[in-house]
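Read the structure below first, then the notes.
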Amino acid sequence: MYIPTQTPRATYWNRVLLNVFWVILLVNLSSQIFVFESMWGYRPHVTAEQYIISYVLTPDLVILALILVLEGIYKWKPQFSEASITVGSHLYAIFIIMFINPEIGVKPLIMLLPLLVSMIYLNSTYLIASTIISLVYIIILFSTTSTYDYTLRVENIIIAIIFAGTSLTGFGVIRRGRDLLQSLENSMKSEQDLRIQNIIMDRLSKIDPLTDLYNHKTFHEYLGWLIDHQQNNPFPMQLAVLDIDNFKKVNDLYGHWVGDIVLKQVAAIILKNIGADDFAARYGGEEFVIILTAKPLETSYEINEKIRADIAAMPIAEMEGQSVTISIGMHDFVGADSKSFVFQKADDALYEAKKTGKNKIVVL
């Protein structure tokens with residue numbers, strides 16, 4: 001038999017009900033002591049010692065043992081805690097009724113306890129079982145009441161009506177509670193769907209759909225943030241601007257769809273070679289940018305050289321096995337550089353690489 005694990009909310013309510021049981025025990029003990037002290041020495045048929053044992057210690061120790069058992073189940077077998085507390089509420093009520101003074105006419109109302117527990121759990125099965133037990137108890141009351149004791153019979157009828165009203169109210173509360181939980185669940189699902197949609201939209205607004213790299217706008221935002229961050233936390237940073245050599249010829253000879261394949265494959269090599277702390281974006285057309293952080297210039301140069309070499313050595317099937325080359329301009333950031341200055345220096349280095357032969361790296 002599969003027994004579901006307890007959710008945090010279920011565990012919370014189990015703890016609340018156990019605390020209620022402890023409070024009821026303390027209230028019951030206090031009332032017993034108050035009644036004992038209020039007799040002013042008049043205790044018919046029993047001595048003070050007999051009264052304490054029969055009407056105070058015995059019932060309270062039995063109830064204490066029951067609560068300790070429920071506490072043990074709550075701690076070591078929490079998956080059974082809800083069912084055990086429901087059953088325990090019936091035993092709790094029965095024990096109090098058994099030991100309470102028979103002359104107290106309202107004591108059957110203690111059987112409302114398991115009905116209320118079932119309502120708190122929003123469990124109609126528990127409530128049906130509690131209602132049946134209460135009904136059996138009322139039948140026993142009627143069968144043991146003298147036909148001449150009209151007052152007691154009227155009291156029993158009133159108690160039966162209270163039980164019936166509580167049960168009907170309980171079913172209404174459970175149904176309403178489930179409706180509210182369903183409504184809350186639907187609301188949370190809608191909120192989650194909206195959050196996911198916002199995340200997707202946010203990603204779409206930042207990612208270039210062809211290469212899966214960041215786009216032009218996101219690059220400028222991130223570069224500006226990094227430069228601002230440098231004011232308080234200086235760290236090594238280099239900017240590289242990459243451009244595919246003779247890309248117009250690729251489009252003219254093989255078509256723009258082959259040009260798109262080239263862009264995707266170049267982007268894939270860039271992503272393969274940069275680290276988790278680095279940033280790559282498609283700047284526009286056949287131009288890419290890479291921001292390398294937390295590395296000395298020599299290490300960043302080696303990464304870009306690896307990217308350049310891998311691209312030059314990559315045969316492209318759609319271009320009859322030929323490859324493309326890239327030119328790279330790099331600038332090593334210093335603390336006084338502005339965003340526009342950093343990009344301008346890297347772009348000037350790229351222009352120098354293009355002018356002096358292409359398929360190379362120039363650092364300015």
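Scan the stretch 338-351 and tell me whether some residue there is at pLDDT 90 or above and within 15 Å of GLU305 (Cα to Cα).
Yes; the residues of the stretch 338-351 include at least one that is at pLDDT 90 or above and within 15 Å of GLU305 (Cα to Cα).
Being within 28 Å of GLY177 (Cα to Cα) and touching a Ser or Thr at 6+ places or on another chain (Cβ under 7 Å) narrows it down to one residue among THR166, THR131; which is it? Explain how you work it out, then say what you get.
Values: THR166 fails: touching a Ser or Thr at 6+ places or on another chain (Cβ under 7 Å).
Sole residue among the options that is within 28 Å of GLY177 (Cα to Cα) and touching a Ser or Thr at 6+ places or on another chain (Cβ under 7 Å): THR131.
Can you name the condition, by its number, that TRP257 falls short on among (1) surrounded by fewer than 15 Cβ atoms within 10 Å (Cβ to Cβ); (2) modelled with pLDDT under 90; (3) over 29 Å from ASP348 (Cβ atoms)?
(2)
From the list LEU66, LEU70, which one is under 37 Å from the mean Cα position of the chain (by Cα), surrounded by 13 or more Cβ atoms within 10 Å (Cβ to Cβ) and under 25 Å from GLN50 (Cβ atoms)? Break it down into steps so the answer makes sense when it comes.
Values: LEU70 fails: under 25 Å from GLN50 (Cβ atoms).
From the options LEU66, LEU70, the qualifying one is LEU66.
List the helices (runs of 4 or more DSSP H) that sit entirely inside the stretch 52-139 and contain at least 3 residues that are polar (S, T, N, Q) and more than 20 Å from PHE171 (Cβ to Cβ). First the steps, then the outcome.
Working: elements: 58-76, 81-99, 112-120.
Counting at least 3 such residues, we get no helices (runs of 4 or more DSSP H) at all.
Exactly one condition in (1) touching a residue at least 24 places away in the same chain (Cβ under 8 Å); (2) part of a helix (DSSP H, G or I); (3) open to solvent by less than 60 Å² (accessible area, probe 1.4 Å); (4) not basic (Lys, Arg) is not met by SER327; state its number.
(2)
Just one of GLU221, GLU191, GLU185 is in contact with a Lys or Arg (Cβ under 9 Å, 6 or more places away or on another chain), open to solvent by 80 Å² or more (accessible area, probe 1.4 Å) and more than 30 Å from THR356 (Cα to Cα); which is it? Please lay out each step first, then the result.
Working: GLU191 fails: in contact with a Lys or Arg (Cβ under 9 Å, 6 or more places away or on another chain); GLU185 fails: in contact with a Lys or Arg (Cβ under 9 Å, 6 or more places away or on another chain).
Just one listed residue meets the conditions, GLU221.
Evaluate the stretch 56-63: report whether one residue or more is farther than 13 Å from ILE100 by Cα, at pLDDT 90 or above, open to solvent by 70 Å² or more (accessible area, probe 1.4 Å) and not small (Gly, Ala, Ser).
yes
Yes or no: the stretch 81-100 includes at least one residue that is under 31 Å from the mean Cα position of the chain (by Cα), open to solvent by 90 Å² or more (accessible area, probe 1.4 Å), under 27 Å from VAL23 (Cβ atoms) and not polar (S, T, N, Q).
Checking the stretch 81-100: not a single residue is under 31 Å from the mean Cα position of the chain (by Cα), open to solvent by 90 Å² or more (accessible area, probe 1.4 Å), under 27 Å from VAL23 (Cβ atoms) and not polar (S, T, N, Q).
Could you please let me know if LEU271 is buried (at least 19 other Cβ atoms within 10 Å of the Cβ) and of a type in the set (A, V, I, L, M, F, W, C)? It would help to see each step written out before you state the result.
Details: buried (at least 19 other Cβ atoms within 10 Å of the Cβ): no; of a type in the set (A, V, I, L, M, F, W, C): yes.
Here the answer is no, as LEU271 does not meet what is asked.
Looking only at the stretch 277-313, which residues are open to solvent by 30 Å² or more (accessible area, probe 1.4 Å) and closer than 18 Å to THR211 by Cα?
Selection gives ARG282, TYR283, GLY284, GLY285, GLU286, GLU287, ARG308, ASP310.
Looking only at residues in the stretch 333-350 that are outside any helix (DSSP H, G or I) and not polar (S, T, N, Q), which one is surrounded by the most Cβ atoms within 10 Å (Cβ to Cβ)? Can you show your working first?
We begin by selecting, within the stretch 333-350, every residue outside any helix (DSSP H, G or I); these are 333-338.
Now restrict to residues that are not polar (S, T, N, Q): 333-337.
Values: PHE333: 24, VAL334: 11, GLY335: 8, ALA336: 7, ASP337: 18.
Result: PHE333.
The values are calculated or read from the model by the stated rules, or taken from the named source; none is laboratory data. Treat the numbers as computed from the prediction; the structure is a model and nothing was measured. Positions of Cβ are backbone-derived with ideal geometry, glycine not excepted, and every protein chain shown enters the neighbour counts. Calculation scope for accessible area: heavy atoms of the full protein, side chains included, ligands and nucleic acids excluded. Shrake-Rupley method; radii C 1.70, N 1.55, O 1.52, S 1.80 Å.
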